[in-house]
Amino acid sequence: MPTVISSGQTIVLKSGKLLSGAIVKGGALIVSSGGKSSATQIQTGSETISKGGEALGTLISGGAQIVLNGGTASGTVVTKHGQEVLSSGGKSIGASVKAGGKEVVDAGGIASGTIVGNGGFIVDSASGMVEGAKIQNGGTIQLAGGAFSGTVAAGGFETVTSASNHMTYADLTIKNGVTLTVANGGKTSGTTISAGGVEIVTKGGTESAVTVANGGEIVYAGGKVSGLTAHNGATIGLASGTVFTSQTIAAGVTLAVSGGATASATTLGVGATEDIEFGGTLAGTTVMGAKSTLDDTSTGGQVSLAVSGFAAGNTIDLVNFEAGVIMSSFKASTGGGILTIMGTQRTATIHLFGQYVAAGFHANDQGNSIIITYAKPAAEVGPDLAAGGHH
């Protein structure tokens, strides 16, 4: 029969003592110098590994394993509501952190070769050390001032938070399928977001000198981003509550304005795209560079846009424009005019700044999308578009 350590009970393993297969149910197991535990199950309560003590193959489904200075835990499995806590000088080797489990590396603690699976969580506190870790799909590592080496697989998560040592994590590379979140008080610098990688900078987070490669994405979610370099094919996302004012979107880059976010007075570079999603707001005048695209992908309500620089090679795409066009018209005025596209359920009003004639506009009905282009006609004059007369 296994030894059961119930609430109120304490067993101390001294030098030369080995306890195998114990079940901790609310009590305390203390492994002191020279003592050893094997295959312990912690359901509630605790196992404490002191200097010179050793724990092998502990299974933690609730409660905690606490590894103190000079103690060692090997092959620990942490699951459900369990925790492994590594105090200063405590070491864990080859732990496996599964769904609901957590490994906490305090200042001076060392975790070597930890595997964090789907739903598992590891916290690397200030001056802690996580080495050779593998963060698998669905696993999370929280960097809070400790050193980290290892890999984060596709579907894994990294979070940088406030660190008591004010550490800035430099030159991180976010690979395909990995999400980095820089949260309140967290600081990163020189991050590279590769194709398929995502970085989210939330309120209180700071990122500087970040590079977003083709296929990568950075999301502004209330934090501070400076020194952004976004390459052709990259995406800049604006989360709800973000206001993005008087920014230039580089050539080939997409700006995605989510519901609750606002982009004001944006300038689109050559081949850039601005995508206004449902609930997103486009304020001020958007300046369109050559071959740039303005997408409105909202699914309800009226569309109102103000645009400068719209010319041959540019596209305004009214996505989810239900039931197509029943009327389109252009009314010229000094310095521009108003293009109106009417459907059975929605109307788009586009204020254009520049020189236009009605005959140059083309509204291509794609069934669930209206693509508007402009080609300056050979003749500089032409009648306004009339009901049913879209091109």
Practice prompt. Could you list, in sequence order, all residues of the range 328-358 that are within 40 Å of the chain's Cα centre (by Cα), of a type outside the set (Val, Ile, Thr) and surrounded by 15 or more Cβ atoms within 10 Å (Cβ to Cβ)?
Written response: Leu339, Met342, Gly343, Arg346, Ala348, His351, Leu352, Phe353
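Can you find, within the range 130-146, the residue that is farthest from the chain's Cα centre (by Cα) among those that are hydrophobic (A, V, I, L, M, F, W, C) and more than 14 Å from Thr114 (Cα to Cα)? Before the answer, list the steps.
Restricting attention to the range 130-146, the residues satisfying the condition of being hydrophobic (A, V, I, L, M, F, W, C) are 130, 133, 135, 141, 143-144.
Subsequent filtering for residues that are more than 14 Å from Thr114 (Cα to Cα) retains 143-144.
Details: Leu143: 15, Ala144: 17 Å.
Only one residue fits best here, namely Ala144.
Find the residue count for the range 280-315, including only residues that are in a loop (DSSP other than H, G, I, E, B) and polar (S, T, N, Q). Full working, then the answer.
Our first condition is that a residue be in a loop (DSSP other than H, G, I, E, B); within the range 280-315, this holds for 280, 284-285, 289-292, 297-302, 309-314.
Retained after the next criterion (residues that are polar (S, T, N, Q)): 285, 292, 297-299, 302, 314.
The number of residues fulfilling the criteria is 7.
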Worksheet item: Within the range 226-235, how many residues are surrounded by fewer than 20 Cβ atoms within 10 Å (Cβ to Cβ) and outside any strand (DSSP E or B)?
Response: 5
Response to the item:
Quick count over the range 95-131, residues being assigned to a strand (DSSP E or B) and either more than 21 Å from Gly185 (Cα to Cα) or free of Cβ contacts under 8 Å to residues at least 40 places away in the same chain (or both), is 18
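Tell me which strands (runs of 3 or more DSSP E) are completely within the range 134-225 and hold 2 or more residues being polar (S, T, N, Q) and modelled with pLDDT of 95 or more, or say none if there are none.
140-144, 147-152, 179-182, 187-189, 206-208
Answer yes or no as to whether Thr79 is hydroxyl-bearing (Ser, Thr, Tyr) and either in contact with a Cys (Cβ under 6 Å, 6 or more places away or on another chain) or more than 14 Å from Phe121 (Cα to Cα) (or both). Reasoning before the result, please.
Working: hydroxyl-bearing (Ser, Thr, Tyr): yes; either in contact with a Cys (Cβ under 6 Å, 6 or more places away or on another chain) or more than 14 Å from Phe121 (Cα to Cα) (or both): no.
For Thr79, the condition - hydroxyl-bearing (Ser, Thr, Tyr) and either in contact with a Cys (Cβ under 6 Å, 6 or more places away or on another chain) or more than 14 Å from Phe121 (Cα to Cα) (or both) - is not met.
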Item to complete: For Ile122, indicate whether it is in contact with a strand residue (DSSP E or B) (Cβ under 6 Å, 6 or more places away or on another chain), crowded, with 23+ Cβ neighbours inside 10 Å and closer than 30 Å to Asn214 by Cβ.
Response: no
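Go over the candidates Phe310, Phe244 one by one and state the one that is modelled with pLDDT of 95 or more, crowded, with 19+ Cβ neighbours inside 10 Å and aromatic (Phe, Trp, Tyr). First the steps, then the outcome.
Values: Phe244 fails: crowded, with 19+ Cβ neighbours inside 10 Å.
Phe310 is the lone residue from the list that is modelled with pLDDT of 95 or more, crowded, with 19+ Cβ neighbours inside 10 Å and aromatic (Phe, Trp, Tyr).
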Response to the item:
Scanning the range 335-353 residue by residue, those farther than 13 Å from Phe310 by Cβ and aliphatic (A, V, I, L, M) turn out to be Ile341, Met342, Ala348
Item to complete: Select from the range 204-222 the residues that are more than 12 Å from the chain's Cα centre (by Cα) and not charged (D, E, K, R) and list them in ascending order.
Response: Gly204, Gly205, Thr206, Ser208, Ala209, Val210, Thr211, Val212, Ala213, Asn214, Gly215, Gly222
Item to complete: Residue by residue through the range 69-87, note down the ones that are surrounded by 20 or more Cβ atoms within 10 Å (Cβ to Cβ) and assigned to a strand (DSSP E or B).
Response: Ala73, Val78, Gln83, Glu84, Val85, Leu86
Worksheet item: Scanning for something closer than 16 Å to Thr72 by Cβ and of a type in the set (D, E, K, R), does the range 20-37 turn up at least one residue?
Response: yes
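Mind checking which residues of the range 29-49 are within 39 Å of the chain's Cα centre (by Cα) and assigned to a loop (DSSP other than H, G, I, E, B)?
First, the residues of the range 29-49 that are within 39 Å of the chain's Cα centre (by Cα): 39-49.
Hits for the range 29-49 are Ala39, Thr40.
Among the strands (runs of 3 or more DSSP E) contained in the range 236-275, which hold 3 or more residues that are out of contact with any Phe, Trp or Tyr (no Cβ under 7 Å at 6 or more places or on another chain)?
On the way: elements: 243-245, 254-257, 262-264.
It comes to 254-257.
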Discussion item. Could you go through the range 21-37 and let me know if any residue there is within 25 Å of Gly139 (Cβ to Cβ), β-branched (Val, Ile, Thr), modelled with pLDDT of 95 or more and touching a Ser or Thr at 6+ places or on another chain (Cβ under 8 Å).
Written reply: no
Practice prompt. Would you confirm whether any residue within the range 59-68 is assigned to a strand (DSSP E or B), more than 20 Å from Gly145 (Cα to Cα) and touching a Pro at 6+ places or on another chain (Cβ under 8 Å)?
Written response: no
Item to complete: Quick one: in the range 359-374, of everything that is modelled with pLDDT of 85 or more and of a type in the set (Ser, Thr, Tyr), which residue is surrounded by the fewest Cβ atoms within 10 Å (Cβ to Cβ)?
Response: Thr373
Item to complete: Out of the residues in the range 272-305 that are in contact with a Lys or Arg (Cβ under 9 Å, 6 or more places away or on another chain) and in contact (Cβ under 8 Å) with a residue 40 or more places away in the chain, state the one that is nearest to Thr349 (Cα to Cα).
Response: Val303
Item to complete: Kindly establish whether Gly26 is part of a loop (DSSP other than H, G, I, E, B) and not hydroxyl-bearing (Ser, Thr, Tyr).
Response: no
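The values are calculated or read from the model by the stated rules, or taken from the named source; none is laboratory data. Please read all numbers here as calculations on a predicted model, not as lab measurements. As a convention, Cβ positions derive from the backbone with ideal geometry for all residues, glycine included, and neighbour counts pool all protein chains shown.
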